[in-house]
Amino acid sequence: MSSETKKTVSIGPSITVKDFAAKLSLPASRVISELMKNGILASINEKIDYETAAIIAEYLGFEAKKEKEPVVQKGGLKKRAGKLKPRPPVVAMLGHVDHGKTKLLDTIRRTNLVSKEAGGITQSIGAYQAKAKGKLITFLDTPGHEAFRAMRRRGTHLADIVVLVIAADDGIKPQTVEAIGYCQKSKIPIVVAINKIDKPEANPEKVKSQLAEYGIVLEERGGKTVSVEISAKTGQGIDNLLEMILLVADMADLRTDPACPAEGFVIESFLDSRKGPVATILIKNGTLKKGDFIRTETVIGRIRRLEDFQGNEIKEGYPSQPVIIIGLNKIPRAGDAFEVEKSIKTAKIKAAQLMKKEQVIRREEDILSISKKIEQKTIKAMIKKLNIILKTDGKGSLEAISEVLNAIKSEEVACEILKSGVGAISESDIKLAKMSKALVFGFNVKVIQRAAKLAKKEGVEIKLYDVIYELIKDIKEKLSELLEPEVIRTDLGKLKVIAIFKTGKAATEARQDMVIGATVISGKVKKGALLDVIRGKEKIGRGKVEELQMEKKIIAEVKEGQNAGIHFKGDVRVKLGDVLEAYEEIKKKRTL
């Protein structure tokens with residue numbers, strides 16, 4: 001549907017799925033299904049923000065327009081212009097692996113995060129704050145490796161502005177293109193940071209030309225997108241970049257109501273052996289306080305400790321601030337929305353209601369896809385499976401790895417995740433692996449001592465990683481080992497049977513052992529060559545050259561025009577006048 005014929009729908013900063021479906025005149029189940037396809041699990045009464053709604057509307061054939069009027073908040077209170085106050089911009093760092101996103105943040109914050117990252121790459125979303133010209137900016141450091149597609153989607157979903165980091169010596173790469181696509185669909189403002197201009201091979205003009213090919217026209221070339229040439233290594237252009245971020249934020253006029261109960265999103269979560277469930281969250285609206293009752297769709301709790309991104313204990317968290325919270329009853333899912341409730345009782349009731357609705361939604365999704373699942377059942381039964389058990393340090397890492405593994409495309413092999421979770425590898429993991437002949441993979445986790453002993457005793461393989469793409473590479477190699485090799489046939493020559501000297505005593509209808517005489521009519525024939533037996537114009541069987549003789553001497557090869565005695569073994573009895581087509585087969589290992 002062209003933009004001219006698309007119906008325009010007006011949407012506020014946030015909207016419930018129910019109201020959104022009503023605006024589109026579509027069943028709520030259709031909207032929920034489309035949200036699920038895009039990695040967002042939202043119940044019928046849950047709010048989604050404008051950017052998400054705009055993307056889903058486009059997929060469903062509509063064009064979204066943002067409302068400028070005040071919108072109704074929780075409890076029926078209206079956000080009045082007088083109560084709204086400016087908030088810091090939330091900025092997501094996006095770009096290809098090794099283009100310098102974390103080094104850029106390192107330079108901005110004057111810390112050394114790069115040295116803390118295994119393999120020199122960022123492997124989860126980190127949230128940090130820095131000051132520029134006396135104003136706070138919140139940064140989301142999102143990983144650039146392909147394994148973190150889901151995390152990068154979440155980064156753009158949470159952010160107000162995207163800084164697209166592109167190395168001047170490398171140009172636009174696959175993850176750069178992907179990031180551009182997310183930004184264009186969500187209509188999020190982009191500031192382009194052309195990094196590594198200190199390198200001799202840097203070519204920023206080439207990068208600018210490449211950007212135009214993907215629909216990003218820079219201001220200096222008559223467009224609307226700001227670009228800054230920088231060096232994260234030397235610090236060149238960093239102050240200018242921060243000024244441009246603040247300028248774009250001022251134009252967006254980011255405001256919120258700090259007086260209302262807090263709401264926002266879970267960025268990352270993990271289980272700490274001493275503290276219990278720990279979550280990093282981003283406050284989008286309101287003020288979060290120590291002692292607040294909090295809930296997501298699946299988790300409730302009372303905040304017993306609140307920390308800033310550096311781990312310092314604080315009493316309150318404000319809009320756009322990333323904070324660490326302790327006091328939840330379980331590990332929340334990365335990307336889930338959170339809200340503050342009046343009491344733990346209210347939090348429990350609402351969480352239970354949402355859980356019930358989520359179960360209904362999942363049942364609806366199962367019904368919608370049941371025919372497809374039945375169709376795929378027979379195909380899946382024929383696929384060779386690599387059974388694995390996956391344990392990671394956090395929900396975000398688990399989500400990212402699982403998404404990549406589930407996306408591996410093959411009609412012959414598949415990765416079956418029998419069990420996945422957050423935390424150390426336990427005895428129960430080893431017992432399941434033994435029973436199901438599975439491999440155990442761990443990312444940034446330890447193995448409980450008893451589990452390690454059991455694994456050694458039972459012969460269960462445990463593989464541990466601190467760099468995620470190495471884990472994925474090894475799993476792909478294991479899957480490749482399950483693939484049937486590619487058989488490459490090379491034709492050698494043709495022979496014509498001119499004599500039958502002997503039919504072996506072991507000859508049966510199923511297996512013939514013969515000595516025959518033949519002349520090579522084209523090409524050549526080698527000892528060990530495979531043979532197709534042709535009678536008339538029809539292939540009637542197969543065989544093999546066990547031995548070649550010429551003038552009672554054993555030889556390795558016979559050429560065109562020569563006669564030879566052949567020890568033939570095959571599945572058919574050869575007759576005078578049959579043509580034997582000789583060939584070789586080489587088995588080549590295949591990879592995914």
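Readers should treat all values here as calculations from the given coordinates under stated rules, not as data from a laboratory. Fair warning: this is a prediction, and the values are worked out from it, not measured in the lab. Every residue, glycine among them, receives a Cβ derived from its backbone with ideal geometry; neighbour counts consider all protein chains shown.
Of note:
- Residue among 223, 271, 190 farthest towards the positive dipole end of the stretch 154-296, charges placed on Cβ: 271
- Computed FRET value (nearest 0.05) for residue 387 with residue 584, which takes r as the C-beta separation and R₀ as 41 Å: 0.70
- Look at the dipole of the stretch 378-482 built from charges on Cβ: of 424, 451, 465, the Cα furthest out on the positive end belongs to 451.
- Taking every alpha-carbon pair under 8 Å whose residues sit at least 6 apart, the stretch 390-485 reaches a relative contact order of 30 percent.
- Applying 0.36 nm per residue to the separation of residue 591 and residue 18 and subtracting their alpha-carbon distance, the gain on full extension is 201.7 nm.
- Using the Karplus relation 6.51 cos²θ - 1.76 cosθ + 1.60 with θ = phi - 60°, the per-residue 3J(HN,Hα) values for the stretch 213-227 come to 5, 9, x, 10, 9, 6, 4, 5, 10, x, x, 10, 8, 7, 10 Hz, with x marking Gly and Pro.
- 13 Å beta-carbon shell around residue 546, net charge (K/R +1, D/E -1): +4
- Cα lying deepest toward the dipole's positive end in the stretch 464-592, options 516, 531, 475, charges on Cβ: 516
- Peptide packing: for 482-490, 89-97, the average count of neighbouring Cβ atoms within 10 Å per residue gives the ranking 89-97, 482-490, highest mean first.
- Cα gyration tensor shape of the stretch 378-482, rounded if a/c is under 1.5, else prolate or oblate by comparing a/b with b/c: oblate
- Proximal aspartates and glutamates to residue 290, defined as alpha-carbon separation beneath 16 angstrom and excluding residues fewer than eight positions away on the same chain: 263, 307, 308, 313, 316, 339, 341
- Computed E for residue 482/residue 526 - FRET, C-beta separation, R0 25 angstrom, nearest 0.05: 0.20
- Between residue 316 and residue 557, the modelled label-to-label distance comes to 8.8 nm, taking each label 7 Å out from Cα in the direction of the beta carbon.
- Among 16-28, 162-174, the order from most to least packed when residues are scored by Cβ within 10 Å on average: 162-174, 16-28
- Centroid-to-centroid separation of the stretch 207-248 and the stretch 469-495 [C-alpha atoms, Å]: 45
- Total charge dipole magnitude, the stretch 486-588, about the Cα centre, Cβ charges on Lys, Arg, Asp, Glu only, Debye to nearest 20: 140
- Extension gain from residue 550 to residue 456, taking 0.36 nm per residue of separation minus the Cα-Cα distance: 28.0 nm
- Taking a ≥ b ≥ c as the square roots of the Cα gyration tensor eigenvalues, the stretch 477-592 comes out prolate, since a/c reaches at least 1.5 and a/b is larger than b/c.
- FRET E, pair residue 30, residue 534, Förster distance 60 Å, beta-carbon r, rounded to 0.05: 0.50
- Shape of the stretch 193-268 from the C-alpha gyration tensor: prolate (a/c of 1.5 or more and a/b above b/c, with a ≥ b ≥ c the square roots of its eigenvalues).
- In terms of distances greater than 24 angstrom between alpha carbons, the cross-link table entries 284/395; 103/224; 101/330; 47/83; 47/131 yield 103/224; 101/330; 47/131.
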